[in-house]
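Student: Dropping a structure here in structure tokens format, bear with me for questions.
Just so it is clear, none of the values below were taken in a lab; they were calculated from the coordinates. Predicted model only: the values in this text are computed from it and were never measured. A quick note on method: Cβ atoms are made from the backbone with ideal geometry, for glycine too, and the neighbour counts reach across all protein chains shown.
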Amino acid sequence: MALLSKKDSKLILDPLADNNPITIQVLGICSALAITAELNASIVMSISVIFVLGVGNVVISLIRNIIPSKIRIIVQLTVIAMLVIVVDQVLKAYAYQLSKELSVFVGLIITNCIIMGRFEAFALGNGVWRSFLDGIGNALGYGAILVIVGFFRELLGSGTLLGYEILGNPVDKTGLYALGYENNGFMLLSPMALIVVGIIIWVQRSKNKALIEDH
């Protein structure tokens, strides 16, 4: 971050910690529940959102002065839809099986409130460079949570990471249980994603008391 000013660095670093879009702003949490049973899917979704939000923020910033205010939401949705189509076609071309697994969830990037929120709150009022940094920062913050949740859900739920066996199969070749990790299928259920996110939020607030809301 030495090449960036303090304000520019903050645009990238803040969403990774004290202003994370999922754990602090509680945005985009649906995908954190839906596609984090496998680390591979979490990584691909994270990269997809980084591309859509980073490029989308730049496009909105470039045309912000010519967008009629009455149709700005329609324009923003059109930009997101165009970028999501690009992501979907690339996945189908180079990772077809994964694109089938993610299926509808890639399309639902269009309705991800993090993206619309950054368009409205930042890209419409800032220059191209800062809008790009804001998009990348928020997408990285979003992606970091997805990867963490996907890591623990796949590791503890299937005993694997990226499809490779890590903790070992509890059943040996004779069909008898051997010493090793017995997969916890409960971790693969959607409610466990919410619990893992809740644990992350608890750890985050425990380390930074300023994040605890006063009642």
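Student: Could you list VAL90, VAL58 in order of exposure, starting from the residue whose Cβ has the fewest other Cβ atoms within 10 Å? Before the final figure, lay out the partial values.
Tutor: On the way: VAL90 13, VAL58 18.
Result, fewest neighbours first: VAL90, VAL58.
Student: Just to be sure I understand: if I project the alpha-carbon convex hull of region 1-59 onto a plane and average over all orientations, what area do I get in nm²? Let's see the in-between values first.
Tutor: Numbers: hull surface 20.3 nm².
Averaged projected area of region 1-59's Cα convex hull equals 5.1 nm².
Student: With everything on Cα atoms, drop me the angle between helix 190-207 and the longest principal axis of the chain, reported from 0 to 90° to the nearest 10.
Tutor: On a 0 to 90 degree scale, this one is about 70.
Student: Could I ask something else about it? Rounded to the nearest 500, what is the 222 nm mean residue ellipticity of the chain from helices alone, with -39500 (n - 2.57) per DSSP H run of 4+ residues and division by all residues?
Tutor: Numbers: 9 runs with 131 residues, N = 215.
It comes out at -20000 deg cm²/dmol, rounded to the nearest 500.
Student: Calculate how large, on average over all directions, the projected area of the Cα convex hull of the chain is; give the answer in nm² to one decimal.
Tutor: Taking a quarter of the hull surface, the average projection is 15.4 nm².
Student: Here is a further query. If I build a Gaussian network model for the chain, linking alpha-carbon pairs within less than 10 angstrom, which residue out of THR36, THR160, THR78 has the largest mean-square fluctuation?
Tutor: Fluctuation is largest for THR78.
Student: Continuing with the same structure: With just the Cα atoms defining each centre, how far is region 62-139 from region 33-60? Give it in Å.
Tutor: Centre-to-centre distance over Cα atoms comes out at 10 Å.
Student: Would you mind ranking MET45, MET116 so that the residue whose beta carbon has the fewest other beta carbons within 10 Å leads the list? Let's see the in-between values first.
Tutor: On the way: MET45 28, MET116 17.
If I rank by nearby Cβ atoms, fewest first, I get MET116, MET45.
Student: Taking R0 as 22 Å, what FRET efficiency do you get between ILE67 and TRP129 from their Cβ-Cβ distance, rounded to the nearest 0.05? Can you show the working numbers first?
Tutor: Values: r = 19 Å, r/R0 = 0.88.
Rounded to the nearest 0.05, the efficiency is 0.70.
Student: Taking a 27 Å limit on the Cα-Cα distance, which of the listed pairs LYS6/LYS207; LYS10/LYS207; LYS6/LYS70 fall beyond it?
Tutor: Numbers: LYS6/LYS207 23 Å; LYS10/LYS207 19 Å; LYS6/LYS70 35 Å.
Check vs 27 Å cut-off fails for LYS6/LYS70.
Student: Now a separate question. Just add up the charged neighbours of VAL197: K/R +1, D/E -1, any other residue whose Cβ is under 14 Å from the Cβ of VAL197.
Tutor: Numbers: positive: ARG153, ARG205; negative: none.
Summing Lys/Arg as +1 and Asp/Glu as -1 gives +2.
Student: Here's another thing I want to ask about it. Modelled label-to-label distance, LEU77 and VAL104, 7 Å Cα→beta-carbon offset: nm?
Tutor: Simple spin-label model gives 1.8 nm for this pair.
Student: Would you mind getting me the FRET efficiency between TRP202 and LEU161? Use the beta-carbon distance for r and R0 = 25 Å, nearest 0.05.
Tutor: Details: r = 24 Å, r/R0 = 0.96.
It comes to 0.55.
Student: Would you mind ranking SER42, SER158 so that the residue whose beta carbon has the fewest other beta carbons within 10 Å leads the list? The partial results should precede the final answer.
Tutor: Values: SER42 24, SER158 20.
By the 10 Å Cβ count, ascending: SER158, SER42.
Student: Let me ask something else. Mind pulling the angle between the C-alpha long axis of helix 128-158 and the longest principal axis of the chain? Nearest 10 degrees, somewhere in 0 to 90.
Tutor: That helix lies at roughly 10 degrees to the long axis.
Student: Another question, if that's okay. Taking H placed 1.01 Å from N in the peptide plane, check which residues at least 5 places from LEU161 or on another chain put their amide H under 5 Å from its amide H.
Tutor: ILE166
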